[in-house]
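The values are calculated or read from the model by the stated rules, or taken from the named source; none is laboratory data. Values in this document were obtained by computation on a predicted structure and should not be read as measured data. Methodologically, a virtual Cβ is constructed for each residue, glycine included, from the backbone with ideal geometry; neighbour enumeration extends over all protein chains shown. Remember, those area values only see protein heavy atoms, side chains included, never the ligands or the DNA or RNA. Shrake-Rupley method; radii C 1.70, N 1.55, O 1.52, S 1.80 Å.
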Amino acid sequence: MAQRAMPSFSKSPAELVERFAAVMDGYPHAVRKKMFGYPAAFVGGNMATGLFADQWVVRLPDDEIQSARDAGAGSFEPMPGKPMKAFVVIPAPDVEDDAAIRRWVERGLAHAGSMPAKK
């Protein structure tokens, strides 16, 4: 029986990891831990936002996904052809903009906080 090769993911750039940490310092209620080896933030055990390779992703309610895409967010596909429908990739210019990234992060934190807590 052939074993399926595990996908290999590239590390997040150091500058992006530092940016994530600096932004998330403003949200002490968010629990930071790694998800798939990347920095992520959780509320009530639910992932709200995090990094994946060179992308910053955020979890949004279903009814906000299309408007996020209309605003330039991308589809999050950690494996090609396998989108994670509850997450979008934050547009790169917004990652660099303090006010814009905080708006995205706050939406993700609010959504994760509205979900049933995981034990």
Accessible area of the chain divided out per residue, in Å², using a probe of 1.4 angstrom: 61 Å²
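Based solely on its DSSP helices, what 222 nm [θ] is calculated for the chain when runs of n ≥ 4 H residues each add -39,500 (n - 2.57) and the sum is averaged over all residues, nearest 500 deg cm²/dmol?
Rounded to the nearest 500, the figure is -10500 deg cm²/dmol.
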Could you check the simple spin-label distance between E15 and D63, using points 7 Å along Cα→Cβ, in nm with one decimal? 3.9 nm
Output the relative contact order of the chain, whole-number percent, from Cα pairs under 8 angstrom with separation of 6+ residues. 25 percent
Is the shape of region 35-74 rounded, prolate or oblate, going by the alpha carbon gyration tensor and its root eigenvalues a ≥ b ≥ c, with a/c under 1.5 for rounded and a/b larger than b/c for prolate? oblate
Give me the one-decimal nm value for the distance between modelled label points at R102 and A71, 7 Å along each residue's Cα-to-Cβ direction. 1.5 nm
Assign one of three labels to the chain, namely rounded, prolate or oblate, based on the Cα gyration tensor with a ≥ b ≥ c the square roots of its eigenvalues; rounded applies when a/c is under 1.5, prolate when it is not and a/b is larger than b/c, and oblate otherwise. rounded
Of the accessible area of the chain, with the probe set at 1.4 angstrom, what percent is carbon plus sulfur? 56 percent
